[in-house]
Amino acid sequence: MKLILTFSLLTLVGTCSTPKYTAKLQNLKDNIKITDTSLIKFYANTIKKEELKTHLYEFSSDKYEGRKVGEKGQKLAAEFLKSYYQNEQIASPFGGSNYYQMIPSDFFSNNIKSSENVLAYIEGTEKPDEIIIISAHLDHLGIDAHGEVNHGADDDGSGTVALMEMAQSFKMAKNAGHGPKRSILFLHLTAEEIGKRGSEFYVSHPIFPLENTLVDLNIDMIGRIDDLHKEDKDYVYLIGSDRLSKELHYISEKVNNTLFNIHLDYRYNAENDSNHYYERSDHYNFALKGIPVIFYFNGVHDDYHRATDTPDKIDYALLEKRTKLIFATAWQIANQENRLAVDANNDFLN
Ligand SMILES: [Zn+2]
């Protein structure tokens, strides 16, 4: 058994680094064609830092009491998102006025009360059964021991408002006849701070078949700059993009090189990364199901998990640019000819 294992490992490693495999990767890369660059630019430019700021000041305000899962403030936050999508006439995947995937309290431990994931949906025009998920978490840490509200402006207010703006832009495109060919699910997850429980619930009770879920683009903290980038703030960490789908990685790179030229920093993507960021936010539950993921992250900063993570410290121009990158990546996956392939099923690679 051990011999076979070693042999297959050697062959696999052998295969992955052979000139033949490298040629296959190059072929895959060359075959990615960015669809309708001018349309992507046009709709990406409807993502506005002013709107991101307005939403974020509201969402991270004291009114939501730090959005602790199952508590009043978190419920108000869910209501805020639902009424936003209703106002924008962006549908729920359930139809009607129900935008919630309810999670019963017995799914949680420690007397956590029932909670809800909030879902908004833009149906694809040609391949509606193929689903692109863009996710962020709506919960945070509540009120601390000193009675201070944990505002969670960056964590994960930044991801939350990015989803709201991207949904609005895709809706605008759809209204103008440029709707995505594949469907997009905007997934606001609860209970991330208590162990990624909202995404765990979603993947075990999926609203759309997981086998038709092509990717999860997960955002958790993209509104700030960490100490490592004080001199080079035009960056974002990408984690996981090449783990399950080389095609996803190349699409992400090509979209960025074509439209934004943000410094995509992969230092936390190393298999042996001591921070284990790949396992530390909601995308991980999708990756565990074999769904390709990209985790967008700006790194930790002095206000991480403190009451001082407030909206006045957010770099809104950077948040806008990073949101546009994620929007354009989703647009490409939703509109390209071929369905995004997982490496295992990728004809280019096998
Ligand atoms: Zn977070």
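The values are calculated or read from the model by the stated rules, or taken from the named source; none is laboratory data. All values derive from a computational prediction rather than experimental measurement. In this analysis, Cβ positions are derived from the backbone assuming ideal geometry, glycine residues included, and neighbour counts consider all displayed protein chains. Surface areas here come from the heavy atoms of the whole protein model, side chains and all, with no ligands, DNA or RNA. Shrake-Rupley method; radii C 1.70, N 1.55, O 1.52, S 1.80 Å.
In whole Hz and in residue order, list the ³J(HN,Hα) couplings for the stretch 327-340 that follow from phi through the Karplus curve 6.51 cos²θ - 1.76 cosθ + 1.60, θ = phi - 60°; x for Gly and Pro.
Once θ is set to phi - 60°, the couplings for the stretch 327-340 become 4, 5, 5, 5, 4, 4, 5, 6, 10, 5, 4, 8, 6, 3 Hz.
Using helices alone, I'd like the mean residue ellipticity at 222 nm for the chain: each DSSP H run of four-plus residues gives -39500 (n - 2.57), total over residue count, nearest 500.
Values: 10 runs with 126 residues, N = 350.
For the chain, the value works out to -11500 deg cm²/dmol.
Considering only Asn212, Asn111, Asn45, give the residue with the highest GNM mean-square fluctuation for the chain, with springs between Cα atoms whenever their separation is below 10 Å.
Asn111
Under a Cβ-only charge scheme (Lys and Arg +1, Asp and Glu -1), can you give me the dipole magnitude of the chain about the Cα centre, in debye to the nearest 20? Please list the in-between numbers first.
Working: 38 positive and 51 negative charges, 192 e Å.
That gives a dipole near 920 debye.
If you take the Cα Rg of the chain and divide it by 2.2 N^0.38 Å, with N the number of residues, what do you get? All intermediate terms of the calculation are to be shown ahead of the outcome.
Numbers: Rg = 19.8 Å, N = 350, 2.2 N^0.38 = 20.4 Å.
For the chain, the normalised Cα radius of gyration is 0.97.
Which chymotrypsin sites (Phe, Trp or Tyr not before Pro) in the stretch 156-230 pass both tests, a DSSP loop state and at most 13 other beta-carbon atoms within 10 Å?
none
When only alpha-carbon atoms count, how far does the stretch 187-244 stretch along each of its three principal axes, as whole angstroms with the largest first?
Here the Cα extents, ordered largest to smallest, are 44, 26, 16 Å.
Give me a comma-separated list of calculated 3J(HN,Hα) values for the stretch 41-58, in order, Karplus coefficients 6.51, -1.76, 1.60 applied at θ = phi - 60°, integers in Hz, x for any Gly or Pro.
Couplings: 4, 4, 7, 5, 6, 8, 7, 10, 5, 5, 6, 4, 5, 4, 5, 6, 4, 5 Hz.
Ignoring ligands and nucleic acids, what accessible area does Ser92 show with a 1.4 Å probe (Å², nearest 10)?
The accessible area of Ser92 comes to roughly 10 Å².
Taking a probe of 1.4 angstrom, what is the accessible area of Phe327 in Å², to the nearest 10?
Probe radius 1.4 Å; accessible area of Phe327 about 0 Å².
Taking the stretch 112-256, how much of its Cα-Cα pair set, in percent, is spaced more than 28 angstrom apart? List each step's numbers first, then the result.
Details: 2576 of 10440 pairs.
That fraction is 25 percent.
Taking the chain as a Gaussian network, Cα atoms linked when under 10 Å apart, which of Leu228, Leu214, Leu25 shows the biggest mean-square fluctuation?
Between Leu228, Leu214, Leu25, it is Leu228 that shows the largest mean-square fluctuation.
When only the heavy atoms of the protein chains count and the probe is 1.4 Å, how do Tyr21, Tyr266 rank by accessible area, highest first? List each step's numbers first, then the result.
On the way: Tyr21 30, Tyr266 65 Å².
Sorted descending by solvent-accessible area, the residues read Tyr266, Tyr21.
Give me the angle, in degrees from 0 to 90, between the Cα long axis of helix 2-16 and the longest principal axis of the Cα atoms of the chain, rounded to the nearest 10.
Approximately 90 degrees, to the nearest 10.
Tell me, what % of the accessible area of the chain is carbon and sulfur with a 1.4 angstrom probe? All intermediate terms of the calculation are to be shown ahead of the outcome.
On the way: 7860 of 14690 Å².
Answer for the chain is 54 percent, counting heavy atoms of protein chains only.
Starting from the stretch 180-248, pick out the GluC sites (Glu not before Pro) whose DSSP state is loop and whose Cβ has at most 12 other Cβ atoms within 10 Å.
On the way: sites: Glu192, Glu193, Glu200, Glu211, Glu231, Glu247; in loops: Glu192, Glu193, Glu231.
The qualifying sites are Glu231.
Please calculate how many Å² of accessible area the chain carries per residue, with a 1.4 Å probe and no DNA, RNA or ligand atoms counted.
42 Å²
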